[in-house]
Amino acid sequence: MTPLYLGVDAGNSKTVALLCTAAGEVVGNGRSGNGDIYGAPSERAAVEAVIAAVKEALTGAQPDGIGGAAFRLAGVDWPEDHAFWVDALAAELPDVAALRAYDRCSISNDGFAAIRCGEPSGIGVAVIGGTGSAVAGRGRGGAEWSMSFWIQDAHGASGLVAGALRAVYRAELGLGPKTALTKRLLAYFGYADAEEMLHQFTRRGGRPSRPWHTAAREMAGAAADGDAEALRILREHGEHLADYARVTAARVGFDVASEEVPVVLAGSVIDADGSPVRAAVLAALPERFASARPRLATLPPVAGAALDALAEAGVEVTAEVIARLRASMPPPAFVRT
C-alpha cells in the first residue's frame, strides 16, 4: 500500500485538512468549523471539527495507509493542550495517532504550519495574520517555540477592529484625536452614534450587527485615505509583530544580531492584495529585526502542515514536491476565511 500523508490546520474561522502522496499530489481534502479548544463553543466542539475535516479528507483512503500526519492546531499553547490532543486523537483516530510511536504524527500550534509555506527547509519564523495572529519558529537544531499567550497585543483582523473601536471611543470622550474610523465603523455596523455602538457591543446579550473581523477592511480604507489614527494603529501592529518575530528567532537559537533569519509572512490579512498590515510589518522589520529576511508565503498554511507531515516521515521536500502540491490544491475557496 502506498502511504499517504495528512496535514491539518485548525483555527477559529475554519479547520482544513489535506491528504497527499509522497510526491506531493493532493488526493483528499476536508473542511469544517472552529478547531481551537480555546475559541470553539466547547472543547468537544473543537475536537469534532478537527475530526470531521480529517475524516472528509480520508474519504476513500485506509487510515492504516497513513505514513505521517501533522496537526497544526490553534490553541496548542501549553503542555496540557498538547496532552489533550494526544488523548483526543488516540480516541478518535487511533490508527493515525499510533504513528506517534514512530515520530510520524506531530501536534503543535498552528503558527508552525506556515514556515514551510515560504521556507521549504522548515527553518525560520512564521508570522501569521488572519482572524487572529500567531508567531512561531523552528531553529536549525530543531528547537521550536511559539509566542502563544506571550503575545500581549491583539493582532490580525480582530485586533485591528479592537484598536479601531478603541480609537473611536477615545475620540468620543475627547481623550484622543478625531478619526475617520468613527464614520466608517458606524456605517459598517449600522449604528447612529458611538454610544449606541458601545451599548450594543457591551450590553447583556449584545452582539455586533455584522461580523466583527471583516470590519478590518474599514481600517484599511481609513489608512488608505490618510487617517492618522488608522495609520498609527497599523504602524504599531507591524512593530509588535516584528518584535515578536525577533524574540521567537532568539528563543529557537538564532543569533539575531548577525544571523540571517527567514521570516515567512502568511494569513488572510497579510496575504490580501495591497495589505496595509503586510506593508507595516515589512516597514518595521528592518528597524526592529535587521537580520530578518522576509518572504511571503506561497502556499496556504494547511499545505505547510502537509509538507511537515512529509518531512517528519523522512520524505525529502523538493521543489518538485512543492510544485505538485501547489498544482493539485483544491480551489481557492477551500482555504478562504
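Can you run down the residue pairs with Cβ atoms below 6 Å, 6 or more apart or on separate chains, where the first is in region 211-236 and under 21 Å from Leu175 (Cα atoms) and the partner is of a type outside the set (A, V, I, L, M)?
Within 6 Å, the pairs are Ala222/Arg184; Ala223/Pro276; Asp227/Thr179; Glu229/Thr179; Ile233/Gly163; Leu234/Pro276.
Restricting attention to region 75-112, and to residues there that are open to solvent by 50 Å² or more (accessible area, probe 1.4 Å) and among the charged types (D, E, K, R), which single residue is nearest to Trp150 (Cα to Cα)?
Glu80
What are the pairs, 6+ residues apart or on separate chains, where a residue within region 156-171 that is without any contact (Cβ under 8 Å) to a residue 24 or more places away in the chain has its Cβ under 8 Å from a residue that is open to solvent by 10 Å² or more (accessible area, probe 1.4 Å)?
Correct list of pairs: Ala162/Ala154; Arg170/Gly176.
Is it the case that some residue within region 237-253 is part of a loop (DSSP other than H, G, I, E, B) and either surrounded by fewer than 18 Cβ atoms within 10 Å (Cβ to Cβ) or out of contact with any strand residue (DSSP E or B) (no Cβ under 6 Å at 6 or more places or on another chain) (or both)?
Scanning region 237-253 turns up at least one residue that is part of a loop (DSSP other than H, G, I, E, B) and either surrounded by fewer than 18 Cβ atoms within 10 Å (Cβ to Cβ) or out of contact with any strand residue (DSSP E or B) (no Cβ under 6 Å at 6 or more places or on another chain) (or both).
Could you count how many residues in region 254-275 are open to solvent by less than 60 Å² (accessible area, probe 1.4 Å) and not in a helix (DSSP H, G or I)?
Within region 254-275, residues that are open to solvent by less than 60 Å² (accessible area, probe 1.4 Å) and not in a helix (DSSP H, G or I) number 12.
Is it the case, given these coordinates, that Ala220 is modelled with pLDDT under 95, in a helix (DSSP H, G or I) and within 14 Å of Thr179 (Cα to Cα)?
Criteria met by Ala220.
Step by step: first the residues of region 42-63, then only those that are free of Cβ contacts under 8 Å to residues at least 40 places away in the same chain and of a type outside the set (Gly, Ala, Ser), then the one that is surrounded by the most Cβ atoms within 10 Å (Cβ to Cβ). Which residue is that?
This residue is Glu48.
Out of all the residues in region 276-322, which are open to solvent by 10 Å² or more (accessible area, probe 1.4 Å), of a type in the set (D, E, K, R) and closer than 21 Å to Ala57 by Cβ?
Glu312
Which residue is modelled with the lowest pLDDT, if the candidates are limited to region 153-179 and must be open to solvent by less than 10 Å² (accessible area, probe 1.4 Å) and among the hydrophobic types (A, V, I, L, M, F, W, C)?
Only one residue fits best here, namely Ala157.
The values are calculated or read from the model by the stated rules, or taken from the named source; none is laboratory data. Predicted model only: the values in this text are computed from it and were never measured. As a convention, Cβ positions derive from the backbone with ideal geometry for all residues, glycine included, and neighbour counts pool all protein chains shown. These area figures cover heavy atoms from the full protein model, side chains too; ligands, DNA and RNA do not enter into them. Shrake-Rupley method; radii C 1.70, N 1.55, O 1.52, S 1.80 Å.
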